[in-house]
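Here is the structure we will look at.
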Amino acid sequence: MKRKRIYLIACGGTIAGIGTDACDLTQYKAGQTTWQEMVQAVPFVREIAELEGEQYCNIDSSDMTEAHWLGLAARVQAIVDDPIYDGVVLTHGTDTLEETAYALNLLVHTEKPVVITGAMRPATALSADGPLNFLAAVQTACDAAAGSYGVLVLLNNRLCAARFVEKMDTMQVDAFQSRQQGYVGIVQDGKPEFYQRPVKRCTQQSQLYLPVTNTLPYVPIVYCHVGMRGNIFPFFANDNAKAIILVGMGHGRVSEVIKNEVMALQQRKILCVRTSRTFGGMVTKVDEYATWLWANSLSPQKAKIVVQLALAQGYSATQIQDILNTH
């Protein structure tokens, strides 16, 4: 059987990290090895697929920027548009992996598999998880059916939809989960087994596209808490924020002090999107915040991505709300 042709894009992170010894799980330096070294560490992978690759960047993912996202989306799109490639695998640091995955899920229009993976332990660690994650990601990308699930995140042999996946633990190898929505599937015996398909719009059905510039509108995230003061909000208006993502309590609620400050921002044509600091459920429309947008079940950081991309395309508040609900 002819091997699939898979393109690897390496972005650094823990999977490319180097520690001082095999027991160093926290003090290591991310983004130290190359994509070629990663492939050499898993020689069996070349029996599965014809691999080509590039080092897009080699950074700790806490240094990932929106400009990185846009460039990466353009690069992935160019690869999947090339008929010689059957799929794409990306390696990435875990701290912002879920955000990069969701940005690609919205911006890359394809039916080919796009799988993003990483590691919770550096390459030098005892029982490093990166090699197996990388192998399973390539195995998944070789399955054409994987392209119908949008961008997939794979760690610990679990397949997660980019729309729902979140990093839920600081250290453990099963850190990536999908809250109440569950896994899309698993990788077992060298092949992906799928169990459910996300119904939110993604990749080929996404209404969002790469902006014509390499920057996105400024949209800060504000975390609400007891004792919070409102004096931070005028700063956002003065700093040219186009919207704010409000991480509210419970069903996206805020104190009267914060509510009044946000309403003042609205008078200056700054959108407000309600999200929640809880770890489940949805934020929906309520009369008390009738002029605010709401994030459905999106996390604050993913709601931010939707709003930035939608604003960059010139969508109205009503259109942005529809995308928050459907993507």
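Side notes on the structure shown:
- Translational diffusion of segment 85-125, estimated by Stokes-Einstein from the Kirkwood radius over alpha carbon pairs at 37 °C in a medium of 0.692 mPa s, is 289 µm² per second.
- Ranked order, THR33, THR20, THR215, THR117 - accessible area, probe 1.4 Å, largest first: THR20, THR215, THR33, THR117
- Here the convex hull built on the C-alpha positions of segment 52-97 has a volume of 69 cubic angstrom per residue.
- In the complete set of protein chains, residue-level accessible area for GLU288 is approximately 70 Å², probe 1.4 angstrom.
- Longest to shortest principal axis, alpha-carbon extents of segment 1-160, angstrom: 43, 38, 25
- Candidate aspartates and glutamates for bridging to LYS269, where Cα separation is under 17 Å - those fewer than 8 sequence places away on the same chain excluded: ASP239, GLU261
- In the chain, excluding the sites themselves, the longest stretch lacking any of the chymotrypsin sites (Phe, Trp or Tyr not before Pro) that are in a DSSP loop with at most 11 other Cβ atoms within 10 Å is 45-194.
- In the structure shown, the pairs LYS2/LYS302; LYS167/LYS259; LYS2/LYS112; LYS259/LYS304 are assessed against 28 Å; a Cα-Cα span above that value is assigned to LYS2/LYS302; LYS167/LYS259.
- A 1.4 Å probe over all protein chains sorts HIS109, HIS251 by accessible area into HIS251, HIS109, starting with the largest.
- Shape call, the chain: gyration tensor on alpha carbons, a/c limit 1.5: prolate
- Global geometry of segment 156-287, whether rounded, prolate or oblate, following the gyration tensor of its Cα atoms and the 1.5 cut on a/c: prolate
- Which of LEU210, LEU293, LEU132, LEU311 is most accessible, then next, and so on - probe 1.4 Å: LEU132, LEU210, LEU311, LEU293
- Solvent-accessible surface (1.4 Å probe) assigned to GLU256 amounts to roughly 100 Å².
- Karplus-derived 3J(HN,Hα), 6.51/-1.76/1.60, for each residue of segment 136-150, Hz, glycine and proline x: 5, 5, 5, 4, 5, 5, 6, 9, 4, 5, 4, x, 7, 9, x
The values are calculated or read from the model by the stated rules, or taken from the named source; none is laboratory data. Keep in mind that what you see is a predicted model, and the values were worked out from it rather than measured. Virtual Cβ from ideal backbone geometry, glycine too; neighbours counted across all protein chains shown. Surface areas here come from the heavy atoms of the whole protein model, side chains and all, with no ligands, DNA or RNA. Shrake-Rupley method; radii C 1.70, N 1.55, O 1.52, S 1.80 Å.
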